[in-house]
Structure formats: C-alpha cells, structure tokens
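To keep things clear, I will list the structure first and then write my remarks on it.
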Amino acid sequence: MQNIYSNIINFNSNNLQKIIRILKKGGIIGLPTETVYGLAGSAYSAKAINRIYKVKNRPNKNPLIIHYYNLKQAEKDVILNEKFYKIYNKLSPGPITYIVKKKIKTNICPKACSKLKTVGIRFPKNKIIRQILKTIKFPLAMPSANKSSSISSVSPIDVSEEFKNKVIVVNGGYSKIGIESTVINLVGKISILRPGKITPNQLEKILKHKINFAMSSKILRSPGLLKKHYSPNIPILLNQKKCPKKHAFITFGKKYPVTRNSFNLSRKSNLNEAAKNLYKFFRIIKNQKYKKIYISPIPNKGIGYAINDRIIRAAK
Ligand code: TXA
Ligand code: MG
C-alpha cells in the first residue's frame, strides 16, 4: 500500500536541489515557516501564481504575501519608507507582513497582488525557508497552505491532508507560532489589518505613536480578512464555561477538568502555547467528526487577541 504521506520530504541537500528545480520551473510546494505552513511558488512566475490560486480554490481578489530573503531582494520590487525600516530593523526576519507600495516596474506577477498597487511583503525567520530563499534568489508568493477559508496548516501532515498528493511538502515539524503573521498597512494611515504574535503595543513602541486596527473599516483593505476564515466548518459557541459530553470543548487554564472531549490550549495559561495548539485542535476535532465546538474564554491580551480574532472568524 502506498504511504498516504509519501509526498512529505525531509530537508537535506539532495532535496534542496529538488525543491529549487520545482520552484524554478514554476511549480509549487508546501514549505514550513515560523507562523504556519505556506504553499509556495515563484512570485515572478505566472504559471506558479495561477497554480496556487487554483489548488487553494482562492478568490482572485485575495492577494498573496511575497516572501523575501533580505532587503536587497525586496528593494527591487517595492518602495519602502522610513517607518518600514524602523520596524524592519527591530522585528524582521519574523512573523510580520508589511503592506507597502509596489514599484511600477517589477517582476512580481500582477495576479499575485490581485492587480493592486500595494503588496504584502514578509521576511520569514524559519531556517528552512530562509535557506531556500537565499539559494533561489527570487521571492516566493506564499499563502497559508490550506484550501481557501479552511484551517491553516501547522504540520506537514496537515498540508498533505489539505492537498492530498497534489503538492510535495517539506517536513519542518510543527510550526513554532501556529498563527499567521501580523499584517500592518504602511500605505496611507498606518493600521493593523490582521493581528498576530507581534502586537500593536510592540509596534507603537517602535513608531512612537498609536496604531489602530483597521478590521472594522468600511474600506475592504485586506480582502481576505472579513469573511469566514480559518474555519473547521463546524458550529462554534464562544465564551462557554461548560460543554455537553458529546461536543468538543476547547479550554484554557487549569480550572477545566480533563475529559475525553476536552482540548486544553494551555493548562498553564500560556498564550503562546495556546496559539500553537489552536489550529492543531481545530483539525483534530474536525477529523474526530464532532458536530459542535464549545470554547471557553481566552484572555484578550498579547497573542490572545489574535487567538480570539481567529476563533471569532472561524465561528462566523
Ligand atoms: O504567516 C503568514 O503570513 C503566512 C505564512 C505562510 O507566511 N501566510 C499567510 O498568507 O497567512 P495568506 O495568503 O493566508 O494571508 C495573507 C493575508 C490575506 O488576508 C490577504 O488579504 C492579505 O494578507 N494581503 C496580502 N496582500 C495584501 C495587500 N496588498 N493589501 C492588503 N492585504 C493584503
Ligand atoms: Mg490564509
């Protein structure tokens, strides 16, 4: 019998050559990052970009994040401002995506940015993706490695389950953070479009002014952000203190009893641990065919804000 996970490969020098061959030819591949797994293809290849949208079943109006090894690479494609450099110097490489102006003349495939004049750029920190970016010398468009509106992948097996044998996945173990990057808009009024591990507080300290969330803004700044997302497609009830035995109960903290249907994000009330477990638990619960998910309150501070953001969207 063929191993159902036979499309997962380890990261070694032989496979690095294979990965580079695939990417250079306009192929796509599942790769680890410190936030979640990405579905990567050359940002300069229309073939790769078309394939990413097709395999993910992603609406064309939802732009992709372009991932770079370093500033020198990025400066070829985008116009960067002083605020960008201030944040970049403190927080990149890392789990933050900057929305910046695209140069008029650039090699980025227009479809990757949904034909917008702006582009989301990120410098990931994970060692595997950095070594790949350093070797190929072109940027990678890389949305989260899941079917559109479904749960992001935090392990190579998740990616394999999402796309079956349509893509090869590089094994980088469990994602360290477990939740997608913070997205900050640096064009016009600065705002946070998607909360993540990097908090507004950290950004305010660097820029020395207040930064608001733009999520409730009437203008659809981040097309992927307002509708249902990150969802196991099971009804979710928020802020629950108890849960019937037949439903899945996602909890946080030590006061909740250990039962067969309970999934504790962090018994020691550690929000980083909770973020790392969230999508993992969503996927287990979905695979165990529970019909409803109850979720206990989760503190709305630090990365807890991003956890609550994803849970609310998943519940829509
Ligand atoms: O952590 C991450 O950011 C992961 C890893 C793989 O890097 N990637 C990721 O990509 O989450 P994706 O495609 O799942 O989410 C990208 C988000 C979408 O909500 C999209 O609408 C927004 O970034 N975005 C991209 N370009 C944009 C732009 N020019 N203006 C506004 N929002 C943009
Ligand atoms: Mg996504």
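The values are calculated or read from the model by the stated rules, or taken from the named source; none is laboratory data. None of the values given here were measured: they were computed from a predicted structure. Here the Cβ is made from the backbone with ideal geometry for all residues, glycine too, and neighbour counts use every protein chain on show. The accessibility values were calculated without ligands, DNA or RNA, using every heavy atom of the protein model including side chains. Shrake-Rupley method; radii C 1.70, N 1.55, O 1.52, S 1.80 Å.
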Test: residue in the range 228-246 that is of a type in the set (Phe, Trp, Tyr), at pLDDT below 95 and assigned to a loop (DSSP other than H, G, I, E, B): yes
Qualifying residue in the range 79-89 (condition: within 16 Å of ligand 2 (Cβ to nearest atom), at pLDDT 95 or above, surrounded by fewer than 20 Cβ atoms within 10 Å (Cβ to Cβ) and not charged (D, E, K, R)): no
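Restricting the search to the range 146-189, which residues are hydrophobic (A, V, I, L, M, F, W, C) and either more than 13 Å from ligand 2 (Cβ to nearest atom) or on the phi > 0 side of the Ramachandran plot (or both)? Reasoning before the result, please.
Pass one, the range 146-189, residues hydrophobic (A, V, I, L, M, F, W, C): 151, 154, 157, 159, 163, 167-170, 177, 179, 183-184, 186-187.
Passing the criteria: Ile157, Phe163, Val167, Ile168, Val169, Val170, Ile177, Ile184, Leu186, Val187.
Looking at Lys276, is it open to solvent by 30 Å² or more (accessible area, probe 1.4 Å), modelled with pLDDT under 95 and within 16 Å of ligand 1 (Cβ to nearest atom)?
Working: open to solvent by 30 Å² or more (accessible area, probe 1.4 Å): yes; modelled with pLDDT under 95: no; within 16 Å of ligand 1 (Cβ to nearest atom): yes.
The answer is no for Lys276.
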Single match in Ser175, Ser149, Ser144, Ser153 (criterion: within 13 Å of ligand 1 (Cβ to nearest atom), within 24 Å of Asn62 (Cα to Cα) and surrounded by fewer than 24 Cβ atoms within 10 Å (Cβ to Cβ)): Ser149
Neighbours by Cβ (under 6 Å, 6+ apart or cross-chain): first from the range 172-191, part of a strand (DSSP E or B) and of a type in the set (Ser, Thr, Tyr); second at pLDDT below 95 and open to solvent by 10 Å² or more (accessible area, probe 1.4 Å): Ser191/Asn212; Ser191/Ala214
Of residues in the range 305-316 being more than 16 Å from the chain's Cα centre (by Cα) and assigned to a helix (DSSP H, G or I), the one nearest to Phe213 (Cα to Cα): Ile312
Residue match in the range 4-20 (condition: within 13 Å of ligand 1 (Cβ to nearest atom) and open to solvent by 50 Å² or more (accessible area, probe 1.4 Å)): no
Any hit, the range 54-63, residues being within 18 Å of Ile29 (Cα to Cα), in the same structural domain as Ser150 (by TED's automatic domain parsing) and open to solvent by 60 Å² or more (accessible area, probe 1.4 Å): yes
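Mind counting the residues in the range 247-263 that are in contact with a helix residue (DSSP H, G or I) (Cβ under 8 Å, 6 or more places away or on another chain) and not in a loop (DSSP other than H, G, I, E, B)?
3
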Top-ranked residue in the range 279-316 [being among the β-branched types (Val, Ile, Thr) and touching a helix residue (DSSP H, G or I) at 6+ places or on another chain (Cβ under 9 Å); ranked as surrounded by the fewest Cβ atoms within 10 Å (Cβ to Cβ)]: Ile311
Helices (runs of 4 or more DSSP H) lying entirely in the range 1-79 (those with 2 or more residues that are in contact (Cβ under 8 Å) with a residue 24 or more places away in the chain and under 17 Å from Lys137 (Cβ atoms)): 13-24, 71-75
Top-ranked residue of the range 156-172 - restricted to ones that are more than 13 Å from ligand 1 (Cβ to nearest atom) and not hydrophobic (A, V, I, L, M, F, W, C), ranked as farthest from Gly41 (Cα to Cα): Glu161
Selection within the range 90-124 - over 22 Å from Lys24 (Cα atoms), of a type outside the set (A, V, I, L, M, F, W, C) and open to solvent by 30 Å² or more (accessible area, probe 1.4 Å): Lys90, Pro93, Lys101, Lys102, Lys103, Lys115, Lys117, Thr118
